[in-house]
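A short write-up of the structure that comes next.
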Amino acid sequence: MHQNGGMASVAQVIRKVTVMVSGGALLKLGDAIYGAGADYRAWQVSLGAKYAFNDHFGAYVFGTWIHNRAQQQVNLGAPVYSNNLGTAQAYLAPGDRPRTAGVGALVRF
């Protein structure tokens, strides 16, 4: 089996704000043992922004969209889960297409 994919990310600083966008994709699975190779495709797009209050403190906001085909269950860089939430066994079920958003703070010591 083999599967090709790629990921790209771009960030632009505009004064104290950094705007970021990234995207990734997995192409069809070659020589799939179960199901069609196209059922193992996936893509993800993320958009975010960060604001620097000073050199040590900042805040960020982001959104991500994951599109898994019927047999795929990947998170391309984002820990998003659909089953067994709150446990160490949490996972994203095959074919799930979650969207999520978040906010947070950055502190540098």
For this session: Let me know the charge dipole size of the chain about its Cα centre in debye, to the nearest 20, where only the beta-carbon of Lys, Arg (+1) and Asp, Glu (-1) is charged.
Result: 320 debye
For this session: Using label points projected 7 Å from each Cα along Cα→Cβ, tell me how many nm separate LYS28 and HIS56, to one decimal.
Result: 5.6 nm
For this session: Multiply the residue separation of LEU85 and ASN4 by 0.36 nm, subtract the distance between their alpha-carbon atoms, and state the gained length in nm to one decimal.
Result: 26.2 nm
Problem set entry | For the range 1-46, alpha-carbon Rg and Dmax in angstrom | 15.7, 51
Problem set entry | Probe 1.4 Å, accessible area per residue of the range 4-109, Å² | 67 Å²
Exercise. If each Cα of the chain is one equal point scatterer, what is log10 of I(q)/I(0) from the Debye formula at q = 0.14, 0.19, 0.21 Å⁻¹?
Worked result: -0.67, -0.98, -1.09
Exercise. Residue separation times 0.36 nm, minus the C-alpha to C-alpha distance between MET20 and LEU47: what's the value?
Worked result: 9.1 nm
For this session: Find out how many positive minus negative residues lie around ALA25, taking Lys and Arg as positive, Asp and Glu as negative, among other residues whose Cβ is under 15 Å from that of ALA25.
Result: +3
Problem set entry | Carbon and sulfur %, accessible surface of the range 1-53 computed with the full protein complex present, 1.4 Å | 62 percent
Exercise. Normalised by the residues of the chain, what does the relative contact order come to in percent, with Cα pairs under 8 Å and at least six apart?
Worked result: 22 percent
Seminar exercise, completed: Checking rank on 31-42, 9-20, with mean other Cβ inside 10 Å and highest first, the result is 31-42, 9-20
For this session: First obtain the Kirkwood hydrodynamic radius of the range 31-92 from its Cα pairs, then insert it into the Stokes-Einstein equation at 25 °C and 0.890 mPa s, and state the resulting D in µm² per second as a whole number.
Result: 172 µm²/s
For this session: For SER82, SER46, write out the residues from largest to smallest accessible area, computed with a 1.4 angstrom probe and no ligands counted.
Result: SER82, SER46
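The values are calculated or read from the model by the stated rules, or taken from the named source; none is laboratory data. Model, not experiment: these values are computed from the prediction. With ideal geometry, Cβ positions are generated from the backbone for all residues, glycine too; neighbour counts draw on all protein chains shown. Note: areas computed on protein heavy atoms with side chains; ligands, DNA, RNA excluded. Shrake-Rupley method; radii C 1.70, N 1.55, O 1.52, S 1.80 Å.
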